[in-house]
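Just so you know, all these numbers are worked out from the coordinates, no wet-lab data involved. As the structure is a prediction and not an experimental result, all values here were calculated from the model. Don't worry about glycine lacking a Cβ; one is built from the backbone with ideal geometry, like all the others, and counts go over all protein chains shown.
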Amino acid sequence: VQLQASGGGSVQAGGSLRLSCAASGLTFNRYAMGWFRQAPGSGRHFVARISRSGSTTYYADFVRGRFAISRDNAKDTAYLELNSLKPEDTAIYYCAANPSIFGSSGPAGYDYWGQGTLVTVSS
């Protein structure tokens, strides 16, 4: 199983990025997908999750209204669109796969993790 996260980069505050998470080696539509982030010197924090079908999404309070999670089960890929970025959004962003229908907002329960993609937001 492999989750390949990509799309990170350096942007100015207020900018946007679209992260992708391409999955292989698993039946993608049998996994909820989640995104987490880890800032320097900090733990890994939940950002967003999406159900197996894509019909249900859930966000951390600090990103609601700015970020959007989605998935394309035909392409075995999950996405996280980041808008109105702030310097405090600077972190490594990780995607993860959870075998439950809706996923979870904690890291436990996620069987597989991507390698992370770095997002840097400058003021």
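Indicate, rounded to the nearest 5 percent, the antiparallel portion of the DSSP beta bridges found entirely in the chain.
90 percent
Any idea how far apart residue 66 and residue 38 come out in nm if each label point goes 7 Å out from Cα toward Cβ?
2.2 nm
Go from 0 up to the bin containing the longest alpha carbon distance in the chain, width 5 Å each, and give me the % of pairs per bin.
2, 13, 24, 26, 19, 10, 4, 1, 0
Sorted by mean Cβ packing within 10 Å, highest first, what order do the peptides 29-37, 74-82, 107-115, 7-15 take?
29-37, 74-82, 107-115, 7-15
Under a plain spin-label model, where a point goes 7 Å from the Cα along Cα-to-Cβ, how far apart in nm are residue 108 and residue 2?
3.1 nm
Compute the distance in nm between two label points, each set 7 Å from the Cα along the Cα-to-Cβ direction, one at residue 24 and one at residue 122.
Here the answer is 3.4 nm between the modelled labels.
Treating only the Cβ atoms of Lys and Arg (+1) and Asp and Glu (-1) as charged, compute the dipole magnitude of the range 36-123 about its Cα centre; round to the nearest 20 debye.
80 debye
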